[in-house]
Amino acid sequence: MKNTTRLPRKLNSSITKKVIELQDIGYDCDFLLLANGIVLCMQNNHTYPLNTVSVKQREHGYDLLSHSYKHVHTIETGNGERGVLLTENSLR
């Protein structure tokens with residue numbers, strides 16, 4: 001009998017691995033998507049309308065803590081801030 005809990009753990013670790021990889025190459029801010037279509041930089045409290053930043057999806061996988069799929073996006077702002085945004089839905 002196969003252990004069915006192994007696959008989600010691998011996917012969860014792939015999310016963590018991707019975030020660390022992105023931080024290592026300069027995506028050092030953490031962004032939060034607010035309900036009104038605004039992204040908030042957690043490090044400096046700057047806010048940006050979602051349609052004014054560059055968003056790229058980098059990874060997705062199952063998160064064991066929230067029991068939902070997570071999408072890892074990179075955010076680049078016009079003033080040079082770069083960071084990571086985790087969402088339950090793809091922003092593509």
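The values are calculated or read from the model by the stated rules, or taken from the named source; none is laboratory data. Since we're looking at a predicted model, the values are computed, not measured. Keep in mind that these areas ignore ligands, DNA and RNA; they rest on the heavy atoms of the full protein, side chains included. Shrake-Rupley method; radii C 1.70, N 1.55, O 1.52, S 1.80 Å.
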> Of Arg58, Arg92, which has the most accessible area with a 1.4 Å probe, and how do the rest follow in descending order?
Replying inline: Arg92, Arg58
>> Taking the alpha-carbon distance from Lys70 and a cut-off under 13 Å, which aspartates and glutamates remain once sequence neighbours fewer than 8 residues away in the same chain are dropped?
In response: Glu59, Glu88
> Under a 1.4 angstrom probe, counting protein chains only, how are Lys56, Lys18 ranked by accessible area, largest first?
Replying inline: Lys56, Lys18
>> Please compute, over every Cα-Cα pair in the chain, the percentage with a separation greater than 20 angstrom.
In response: 37
